[in-house]
1. Need the failing condition index for Leu88 against (1) at pLDDT 95 or above; (2) under 23 Å from the mean Cα position of the chain (by Cα); (3) over 21 Å from Met160 (Cβ atoms), just the number.
2. Failed condition for Val80, given (1) open to solvent by 70 Å² or more (accessible area, probe 1.4 Å); (2) under 25 Å from Val179 (Cα atoms); (3) not polar (S, T, N, Q), with all others met?
3. Quickly run through the range 199-213 and pick out the residues that are in contact (Cβ under 8 Å) with a residue 40 or more places away in the chain and more than 19 Å from Thr157 (Cβ to Cβ).
4. Suppose we keep only residues that are open to solvent by 50 Å² or more (accessible area, probe 1.4 Å) and in contact with a helix residue (DSSP H, G or I) (Cβ under 8 Å, 6 or more places away or on another chain) within the range 53-62. Which one would you say is farthest from Ile127 (Cα to Cα)?
Amino acid sequence: MSAQPIEETTTAPRLVRVTAPARSDADTLRSQLLGAASRLTISEGWSKVTMSRLADEVGVSRQTVYNEFGSKPALAQQLVLGELQVFLGRVFDGFEASPSDPVGAIHGAALNVLRLSLENPLLHAVIAGSHGAESELLPLLTTDSEALLTLAKEAITEGMLRFELRLTRAQLDVGVDVVVRTVLSHVIHPSGTPEETAAGIAWIASVVLGLDDQWGDPKLRA
């Protein structure tokens, strides 16, 4: 039985960059604490980040830091998810650059993310410190990455739904899952240049979408 295309609504969904509301004092404090945690992780390593150290960096009490995050593992998760928002901004840019080409949008989003991963100091600190006391952060990108993957897949799915795709929603979900996990794998363990990897991912997407004639050999688009 052939797949039925995803039902279209009267107005196609659009990937919209949400403008953040005005921050409350609590949001500002959390932002300051996460910024301090990021700077310390980059300069000294995650093992040197303590609730007391963050309190001193921001000028609040240690109890205030615990009230905000609850525990250091919870702080680690918020740090990773906060950085994810930077990467999702690059995903948004990729889709905005290809408003009528779903494969081009996937290619642009993947390329932007992979390029950013090469220059992101916090990501480098997390990967470089993947042993001993530093290992608390890396699993949030690998074995315990479900929260990260969920947010990333939601962003890609939202972008893809604005195109007319000859896929069921279940098929789209599977395709997006493969793309997101592949990109994340190459972020952690690059096996080629961002251009080469993004071209390969775009080729896979083109085959899934039945648009492979438009992309052909992935090397031609690197």
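1. The failed condition is (3).
2. (1)
3. Matches in the range 199-213: Ala199 only.
4. Step one: filter the range 53-62 for residues open to solvent by 50 Å² or more (accessible area, probe 1.4 Å), giving 53, 56-57, 59, 61-62.
So of that shortlist, the ones also in contact with a helix residue (DSSP H, G or I) (Cβ under 8 Å, 6 or more places away or on another chain) come out as 53, 57, 61-62.
Numbers: Arg53: 22, Glu57: 24, Ser61: 30, Arg62: 28 Å.
Within the range 53-62, the match that is farthest from Ile127 (Cα to Cα) is Ser61.
The values are calculated or read from the model by the stated rules, or taken from the named source; none is laboratory data. Not measured: the values here are computed from a predicted model. When we count neighbours, we look across all protein chains shown, and the Cβ atoms used for this are built from the backbone with ideal geometry, even at glycine. Just so you know, the surface numbers come from the protein's heavy atoms only, side chains and all, with ligands and any DNA or RNA stripped out. Shrake-Rupley method; radii C 1.70, N 1.55, O 1.52, S 1.80 Å.
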